[in-house]
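Asks: Input: one structure, supplied below.
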Amino acid sequence: MSYLGIIASSVLASNALLSYGFGAIPAIGAGSFRAAAGIRDGRSSLASALALACINSAAAAVLWCVRGLVLFPLGLAGLDIFFFALIVVPPLKALARAARSGSGIPAAVGAEADELIVGSLVFGIALVAARGGYGLGEAAAAGAASGLGYWMASSLLRRIRERLELSDLPDAFKGAPSMLISAGLMSMALLGVDSALVRNLGGSP
Amino acid sequence: MTEERAPFVPNPLLAGLIGICPIVAADRSLPEGLALGIGAAFCSLLLGILSSASRGLVPDRLRPLFSLTLATAAALLYSFGVRAYSPALADGLGIYLPLLAVSATSLHTIKRGSSPGSRPAGGERLASIAMEAAVFLAAAAVIGGIREILGQGSLTIPLPRDGELRLADLSFRPIGLLSASAGGFILLGFLAAAYRIILRKAGRRIP
């Protein structure tokens with residue numbers, strides 16, 4: 001698959017939020033969990049997008065290395081998520097915290113990434129990319145594109161939420177229920193994207 | 001005279017939307033709903049017991065990593081169990097079985113167990129975790145059942161080694177959309193709204 005096909009597929013046909021449901025709680029804005037990546041308040045959009053792309057790309061690449069170079073030869077590929085939690089998450093957390101202690105955009109990116117690392121979004125995207133039969137560069141590209149796809153979908157949902165807050169909805173549908181239905185309609189629109197066509201964009205690398 | 005009310009456990013799935021990630025994407029049938037619900041309950045209870053039992057043994061600084069590692073071990077153990085029981089069911093659920101480790105139900109338990117002021121897991125806290133897990137399991141099974149009936153026109157129970165017991169076989173054109181994530185989001189939205197209406201009629205606060 002070409003890099004263009006991987007990116008288009010990860011953003012559209014296999015969107016992390018709308019197809020896989022990863023990170024749905026903060027995107028919907030429900031529960032007591034912090035809205036990841038400035039999604040709820042819309043702050044620092046550039047930092048959010050960068051954080052999502054960087055952390056997911058790094059997680060996918062590192063998990064690919066651990067899985068492909070260490071676990072697979074030992075016949076332990078099925079334990080990838082355990083080793084991800086044990087040996088990949090701590091350095092990623094440390095990296096995010098180091099970036100957080102700086103200033104400017106890197107600090108904002110680090111703060112967002114620090115919040116995101118432990119959750120279904122980063123774990124899910126890393127597992128999909130590492131188990132997807134890609135090479136190292138392709139897995140990293142798929143991770144970054146999936147992060148950007150999530151950012152795109154959650155940003156659209158935030159805009160919809162702002163509009164819905166001004167409209168006259170029945171009480172029972174205000175908030176999370178209307179956001180879930182909106183996410184379902186967006187997901188339905190993406191069902192129309194031909195995944196085979198998207199994957200073959202740009203031909204073979 | 002004051003009226004005494006039974007303890008109220010809000011449905012974590014329909015009220016707080018906790019753990020919706022696997023539900024929208026992978027809970028497409030009753031067997032999948034049962035597998036995800038039991039898995040979430042298993043991980044939460046095991047985490048509740050082990051993370052508190054190890055409170056004096058693991059330094060506070062390492063507790064989050066320790067709990068996360070425990071959660072992944074529990075999810076992996078459970079996913080191996082599901083694969084042994086029904087390989088087809090495990091294949092259908094794919095990465096959502098190991099991801100139970102970081103589903104919001106597990107993270108919720110980790111948060112409660114790791115907060116500095118939290119006490120070791122007494123019977124009361126474990127009972128609370130068990131009650132939430134049971135409510136989550138019931139909701140996951142109901143959602144899976146609805147999606148299977150309307151989306152596939154049947155209702156089945158998984159038997160060992162990929163067998164299945166067909167409880168119902170309906171003769172109508174199924175709504176295929178319900179088997180996709182889009183249908184999961186939309187159904188969950190309507191169920192969450194219905195849950196709010198029921199709560200309001202029962203005099204409870206809308207979450």
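Asks: Somewhere in segment B:127-134, is a residue without any contact (Cβ under 8 Å) to a residue 12 or more places away in the chain and either in contact with a strand residue (DSSP E or B) (Cβ under 9 Å, 6 or more places away or on another chain) or buried (at least 21 other Cβ atoms within 10 Å of the Cβ) (or both)?
Replies: No, every residue in segment B:127-134 fails to be without any contact (Cβ under 8 Å) to a residue 12 or more places away in the chain and either in contact with a strand residue (DSSP E or B) (Cβ under 9 Å, 6 or more places away or on another chain) or buried (at least 21 other Cβ atoms within 10 Å of the Cβ) (or both).
Asks: Pick from segment A:165-191 the residues that are of a type in the set (A, V, I, L, M, F, W, C) and farther than 19 Å from residue B:191 by Cα: which of them is farthest from the other protein chains (Cβ to nearest Cβ)? Break it down stepwise before answering.
Replies: As a first pass, look at segment A:165-191 and keep what is of a type in the set (A, V, I, L, M, F, W, C): A:166, A:169, A:172-173, A:176, A:179-181, A:183, A:185-186, A:188-191.
Of the ones still in play, those that are also farther than 19 Å from residue B:191 by Cα are A:166, A:189-191.
Numbers: A:166: 19, A:189: 8, A:190: 8, A:191: 6 Å.
Looking at the filtered set, the residue picked out is A:166.
Asks: Considering each residue of segment B:55-77, count those that are assigned to a helix (DSSP H, G or I) and more than 12 Å from chain A (Cβ to nearest Cβ), and give that number.
Replies: To start, the set of residues in segment B:55-77 that are assigned to a helix (DSSP H, G or I) comprises B:60-77.
In the following step, the residues that additionally are more than 12 Å from chain A (Cβ to nearest Cβ) were identified as B:60, B:63.
Adding up the residues that qualify gives 2.
Asks: Something else: Within segment A:67-90, can you find the residues that are out of contact with any Ser or Thr (no Cβ under 6 Å at 6 or more places or on another chain) and in contact (Cβ under 8 Å) with a residue 24 or more places away in the chain? Spell out how you get there, then give the answer.
Replies: The first filter runs over segment A:67-90 and keeps only residues out of contact with any Ser or Thr (no Cβ under 6 Å at 6 or more places or on another chain), leaving A:67-80, A:83-84, A:87-90.
Within segment A:67-90, A:67, A:68, A:80, A:84, A:88, A:89 meet the criteria.
Asks: Please enumerate the residues belonging to segment B:53-86 that are in contact with a Pro (Cβ under 8 Å, 6 or more places away or on another chain), crowded, with 18+ Cβ neighbours inside 10 Å and closer than 29 Å to residue A:91 by Cα.
Replies: B:72, B:75, B:76, B:79
Asks: Could you say whether any residue in segment A:61-83 is among the small types (Gly, Ala, Ser), within 19 Å of the chain's Cα centre (by Cα) and at pLDDT 90 or above? Give the steps one after another, and end with the answer.
Replies: Our first condition is that a residue be among the small types (Gly, Ala, Ser); within segment A:61-83, this holds for A:61, A:68, A:75, A:77-78.
Retained after the next criterion (residues that are within 19 Å of the chain's Cα centre (by Cα)): A:61.
Adding the requirement that they be at pLDDT 90 or above leaves A:61.
For segment A:61-83, residues among the small types (Gly, Ala, Ser), within 19 Å of the chain's Cα centre (by Cα) and at pLDDT 90 or above: present.
Asks: What number of residues in segment B:142-166 are of a type in the set (Lys, Arg) and either in contact with a helix residue (DSSP H, G or I) (Cβ under 7 Å, 6 or more places away or on another chain) or at pLDDT 90 or above (or both)?
Replies: Taking segment B:142-166 as the starting set, the residues that turn out to be of a type in the set (Lys, Arg) are B:147, B:161, B:166.
Of the ones still in play, those that are also either in contact with a helix residue (DSSP H, G or I) (Cβ under 7 Å, 6 or more places away or on another chain) or at pLDDT 90 or above (or both) are B:147.
The qualifying residues number 1.
Asks: I want to confirm something. Restricting to segment B:1-29 and keeping residues that are among the β-branched types (Val, Ile, Thr) and farther than 18 Å from residue A:27 by Cβ, which single residue is modelled with the lowest pLDDT?
Replies: Looking at the filtered set, the residue picked out is B:2.
Asks: A further question follows. Would you point out the residue of segment B:136-162, among those that are free of Cβ contacts under 8 Å to residues at least 40 places away in the same chain and either of a type in the set (D, E, K, R) or on the phi < 0 side of the Ramachandran plot (or both), that is surrounded by the fewest Cβ atoms within 10 Å (Cβ to Cβ)?
Replies: Here is the first cut: in segment B:136-162, the residues free of Cβ contacts under 8 Å to residues at least 40 places away in the same chain are B:149-150, B:153-154.
From what is left, the residues that are either of a type in the set (D, E, K, R) or on the phi < 0 side of the Ramachandran plot (or both) are B:149-150, B:154.
Details: B:149: 20, B:150: 18, B:154: 16.
Step by step, filter segment B:136-162, then rank; the result is B:154.
Asks: Looking at (1) surrounded by 24 or more Cβ atoms within 10 Å (Cβ to Cβ); (2) outside any loop (DSSP other than H, G, I, E, B), find the lone condition where residue B:50 falls short.
Replies: Condition (1) is where residue B:50 drops out.
Asks: Just one of (1) closer than 12 Å to residue A:117 by Cα; (2) within 12 Å of chain B (Cβ to nearest Cβ); (3) small (Gly, Ala, Ser) trips up residue A:58, so point out which.
Replies: (2)
Asks: Another question, then. Restricting to segment B:87-101, what's the tally of residues that are surrounded by fewer than 21 Cβ atoms within 10 Å (Cβ to Cβ) and either on the phi > 0 side of the Ramachandran plot or not in a helix (DSSP H, G or I) (or both)?
Replies: Counting residues in segment B:87-101 that are surrounded by fewer than 21 Cβ atoms within 10 Å (Cβ to Cβ) and either on the phi > 0 side of the Ramachandran plot or not in a helix (DSSP H, G or I) (or both) gives 1.
Asks: Which ones in segment A:111-127 are farther than 13 Å from residue B:107 by Cα and small (Gly, Ala, Ser)?
Replies: A:111, A:113, A:124, A:126
Asks: Taking residue B:201 as meeting all but one of (1) within 14 Å of another protein chain (Cβ to nearest Cβ); (2) within 16 Å of the chain's Cα centre (by Cα), write down the number of the exception.
Replies: (2)
Asks: Provide a single number: the residues in segment B:161-198 that are within 11 Å of chain A (Cβ to nearest Cβ) and not in a helix (DSSP H, G or I).
Replies: Residues in segment B:161-198 being within 11 Å of chain A (Cβ to nearest Cβ) and not in a helix (DSSP H, G or I): 1 in total.
A quick yes/no check of all residues on (1) modelled with pLDDT of 90 or more; (2) of a type in the set (Gly, Ala, Ser); (3) on the phi < 0 side of the Ramachandran plot:
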| position | (1), (2), (3) |
| --- | --- |
| A:107 | no, yes, yes |
| A:113 | no, yes, yes |
| A:117 | no, no, yes |
| A:123 | yes, no, yes |
| A:127 | yes, no, yes |
| A:147 | yes, yes, yes |
| A:157 | yes, no, yes |
| A:160 | yes, no, yes |
| A:163 | yes, no, yes |
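The values are calculated or read from the model by the stated rules, or taken from the named source; none is laboratory data. Quantities reported herein were computed from a predicted structural model and do not represent experimental measurements. All Cβ positions, glycine included, derive from the backbone under ideal geometry; neighbour counts span all protein chains shown.
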